1. Can you tell me which residue among V163, V174, V190 is surrounded by 19 or more Cβ atoms within 10 Å (Cβ to Cβ), assigned to a loop (DSSP other than H, G, I, E, B) and of a type in the set (A, V, I, L, M)?
2. Kindly list the number of the only condition in (1) of a type in the set (V, I, T); (2) buried (at least 22 other Cβ atoms within 10 Å of the Cβ); (3) part of a helix (DSSP H, G or I) that fails for T86.
3. Please go through the range 53-81 and pick out each residue that is among the aromatic types (F, W, Y) and under 16 Å from Y42 (Cα atoms).
4. In this structure, is T114 out of contact with any Ser or Thr (no Cβ under 6 Å at 6 or more places or on another chain), in contact (Cβ under 8 Å) with a residue 24 or more places away in the chain, among the β-branched types (V, I, T) and surrounded by fewer than 17 Cβ atoms within 10 Å (Cβ to Cβ)?
Amino acid sequence: MDAPQRPAADDQPGRFRPARAVPLAILLCGLVLFFAMGWHHYFTLATLKEHRDLLLGHVRDHPFLSAAVFFGIYAGALSCSIPINTPLNVAGGFLFGWLEGGLLAITAATLGATVIYLATDTALAGPLRALGGKPLIRVEDAIRRNALFYLLISRIVPIFPFVLVNVAAGMLDVPLGTFVLTTFFGEMPVTFTYASLGSGLGRLFDHGARPSFHLLAQPSIFLPLLALALFVLIPFGWRAYSMRRKPRG
């Protein structure tokens, strides 16, 4: 009788497989390249003001192409974990209006976040679980049971950077459906707020205001943030209401 064969090294659960890390490595190379080439200097309000006529003219003459280019830049940037979602949210509102720009930004953000989530989950979720052992598994299970609430809070209240939440969710193997839904709907308040602010930049530029993100705190365009404050209270209130309705043992 033949002796039982040991499983191949690549078949062992939790083992790090370099081939599965290739997509994540490519995306991280995009992040390094972005900053190494100095492209982050172009994502400023000064750039919007300097090229205002050119950009708005292109949007007017080629609306679908302009929307596709904006969508591609946004989704590609977040796929590589490049932290420029706030400037892009403002730019989307400035170029396309708060509604179209907001919808483009939310959809692109969800796609880009899902790409880096899947790459991280594929490369690191299994090895991290094997490395952390039972304590990490218990933490992961607790997070997974309440993933909808935790992720929704992290999206609506941007305490943690957007790109960090994407990577953490992938490492902890949060359910894909939960991740996509909370990203799409949780990002709505922040995205539409910044898109609304962006749609008011033209008036500030016309008055010769110095382009800076400090302009976003001006009272004339600050009112949309009140909507964000109301949205923030929704999950907290629902959570407290649900806890109070649970029967006590």
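We did not get these values from a lab; they are worked out from the coordinates using the rules stated. Note that the structure is a prediction, hence the values are computed from the model and not measured. Counting neighbours? That spans all protein chains shown, and the Cβs are built from the backbone with ideal geometry, glycine included.
1. Values: V163 fails: assigned to a loop (DSSP other than H, G, I, E, B); V190 fails: assigned to a loop (DSSP other than H, G, I, E, B).
Checking each option against the conditions leaves just V174.
2. Every listed condition holds for T86 apart from (2).
3. Within the range 53-81, the subset among the aromatic types (F, W, Y) is 64, 70-71, 74.
Matches in the range 53-81: F70, Y74.
4. On the way: out of contact with any Ser or Thr (no Cβ under 6 Å at 6 or more places or on another chain): yes; in contact (Cβ under 8 Å) with a residue 24 or more places away in the chain: yes; among the β-branched types (V, I, T): yes; surrounded by fewer than 17 Cβ atoms within 10 Å (Cβ to Cβ): no.
So T114 does not fit the description; no.
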